[in-house]
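Bear in mind that the values in this text are calculations on the coordinates, not laboratory data. Just so it is clear, the structure is predicted and the values come from calculations on it, not from any experiment. Virtual Cβ from ideal backbone geometry, glycine too; neighbours counted across all protein chains shown.
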Ligand code: AMP
């Protein structure tokens with residue numbers, strides 16, 4: 001089943017207690033697409049970069065089977081740039097720099113060949129652009145998943161609330177759930193967010209796993225305890241990519257299958273954090289992923 005993925009394709013500069021990187025490839029859509037590529041081969045990307053974005057980075061996506069016909073390259077402009085610094089517990093982080101650059105006036109053009117998409121992943125970027133994509137698809141996809149972050153709640157809350165009405169699944173972290181709902185208690189926050197539009201909500205809790213919740217049901221996936229946590233950047237996007245990639249692969253959007261998808265997303269995120277940036281996501285195999293999913297199963301079965 002085909003998957004349309006939008007979001008940032010970016011330069012990231014990351015600082016963790018274990019090291020620091022210069023500008024490396026990052027962005028929500030990058031992590032989503034790489035992660036999903038291990039589950040489905042039909043991934044179409046819509047994003048924008050500047051002239052400064054190396055073609056070798058685009059080739060990394062293509063090598064994983066990601067179609068970049070919908071990736072706009074803006075002459076004379078600079079790519080989105082984000083810089084963040086992690087706290088010593090590796091769960092909290094401060095955003096040091098967000099330079100929108102090409103993202104500021106991004107007009108998402110959807111190639112004709114992308115139109116027949118079954119699964120739509122609205123990765124983290126301007127809520128108005130996320131909404132434009134939903135409007136520009138002639139057929140409503142079978143499933144629309146949206147990911148966002150506090151930055152957009154601060155600068156574009158009304159736009160975000162509008163697009164929430166058009167989606168099926170929202171993924172956000174616990175702090176963002178509190179900010180969006182104005183409720184501290186996570187269950188109350190979830191109820192309030194579910195009344196804003198999405199039928200299903202996933203609250204990501206960093207190393208402590210993820211909660212899948214709808215009006216009737218709830219499922220909790222733990223985080224896999226890891227010895228090496230190098231860089232959590234992109235873990236949320238990698239989770240989302242694994243989640244929707246697994247659903248696209250199986251073609252089943254029932255709550256029970258979403259539980260499996262949450263475990264597959266969590267397994268992918270656990271690989272992501274073990275190395276800087278996208279490094280680990282470039283070198284996985286189906287066998288490694290299956291072994292990790294089995295570790296999750298063992299962790300929660302009693
Ligand atoms: P995550 O760690 O899953 O929250 O995602 C980190 C990725 O999100 C980085 O690769 C950044 O380039 C990207 N990012 C950071 N801030 C934003 C933003 N405001 N909008 C879209 N993407 C962002």
Reported set for the range 16-37 where residues are surrounded by fewer than 24 Cβ atoms within 10 Å (Cβ to Cβ) and away from the ligand (no atom under 13 Å from the Cβ) is 17, 18, 19, 20, 22, 37
Out of the residues in the range 116-136 that are touching a strand residue (DSSP E or B) at 6+ places or on another chain (Cβ under 9 Å) and over 19 Å from residue 30 (Cβ atoms), which is nearest to the ligand (Cβ to nearest atom)? 127
Exactly one condition in (1) within 16 Å of residue 176 (Cβ to Cβ); (2) away from the ligand (no atom under 14 Å from the Cβ) is not met by residue 214; state its number. (1)
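So, in the range 182-229, exactly how many residues are part of a strand (DSSP E or B) and surrounded by fewer than 20 Cβ atoms within 10 Å (Cβ to Cβ)? Before the answer, list the steps.
Taking the range 182-229 as the starting set, the residues that turn out to be part of a strand (DSSP E or B) are 200-204, 210-213, 218-221.
If we keep only those that are surrounded by fewer than 20 Cβ atoms within 10 Å (Cβ to Cβ) as well, we get 218-220.
Within the range 182-229, residues that are part of a strand (DSSP E or B) and surrounded by fewer than 20 Cβ atoms within 10 Å (Cβ to Cβ) number 3.
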If you take the residues in the range 137-177 that are within 13 Å of the ligand (Cβ to nearest atom) and outside any helix (DSSP H, G or I), which one is nearest to residue 111 (Cα to Cα)? 146
If you check residue 76 against the conditions, is it outside any strand (DSSP E or B) and either over 17 Å from the mean Cα position of the chain (by Cα) or within 14 Å of the ligand (Cβ to nearest atom) (or both)? yes
